[in-house]
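Q: Take a look at this one; I'll ask things after.
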Amino acid sequence: MKRIFLLEEDDKSLNKGVEIATTDKDLDIYDNLHIGGRYYNVILKNEEGNIVGVTNYSKQNWEEMNEPKFYCPHCGYTYHEADKWGESGEVECSYCGAGLKFTKEVEVSYNVELIKTPKLIKIK
Ligand SMILES: [Zn+2]
């Protein structure tokens, strides 16, 4: 049985996290989890492999922010270096692994389409 801990925003260590779920599935760093309607990303794993630390991601939080940004429509990860990527192209989200196709829009905003959904592991 593996224990899943939600880590704190400012101190991402396992002993500060709060247990949110348990599972029999094997989990690895970068796995995308779907637990109780929310999305989480595995960022830590202990040596024994029986405890993983996750951070929460929410599309909604990013949509509420009106600052123009290039962000992954799947996990919400924001890329600050996107202005170096030219007018359009395809990239793989380095945070969740989703495939993204983008075109640069006027006034520094981006149209980002989800072209590949990353593998999601559903817990419970
Ligand atoms: Zn992503």
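Q: Would you confirm, using the coordinates I've provided, whether GLY97 is in a loop (DSSP other than H, G, I, E, B), in contact with a Pro (Cβ under 6 Å, 6 or more places away or on another chain) and either modelled with pLDDT of 85 or more or closer than 24 Å to LYS124 by Cβ (or both)? I'd like the intermediate steps shown before the answer.
A: On the way: in a loop (DSSP other than H, G, I, E, B): yes; in contact with a Pro (Cβ under 6 Å, 6 or more places away or on another chain): yes; either modelled with pLDDT of 85 or more or closer than 24 Å to LYS124 by Cβ (or both): yes.
Yes.
Q: Are there any strands (runs of 3 or more DSSP E) wholly within region 1-86 with 1 or more residues that are modelled with pLDDT under 90 and among the hydroxyl-bearing types (Ser, Thr, Tyr), and if so which?
A: Details: elements: 2-6, 18-23, 32-35, 38-45, 51-57.
Counting at least 1 such residues, we get 38-45, 51-57.
Q: I've got another one for you. Can you tell me which residue in region 84-124 is farthest from the ligand (Cβ to nearest atom), limited to those that are in contact (Cβ under 8 Å) with a residue 40 or more places away in the chain and more than 24 Å from VAL42 (Cα to Cα)?
A: Of region 84-124, the ones in contact (Cβ under 8 Å) with a residue 40 or more places away in the chain are 95-97, 108-110, 112-114, 117-124.
Keeping just the survivors that are more than 24 Å from VAL42 (Cα to Cα) gives 108-110.
Details: VAL108: 20, SER109: 18, TYR110: 14 Å.
Result: VAL108.
The values are calculated or read from the model by the stated rules, or taken from the named source; none is laboratory data. Keep in mind that what you see is a predicted model, and the values were worked out from it rather than measured. All Cβ positions, even for glycine, are placed from backbone atoms using ideal geometry, and neighbour counts span all protein chains on display.
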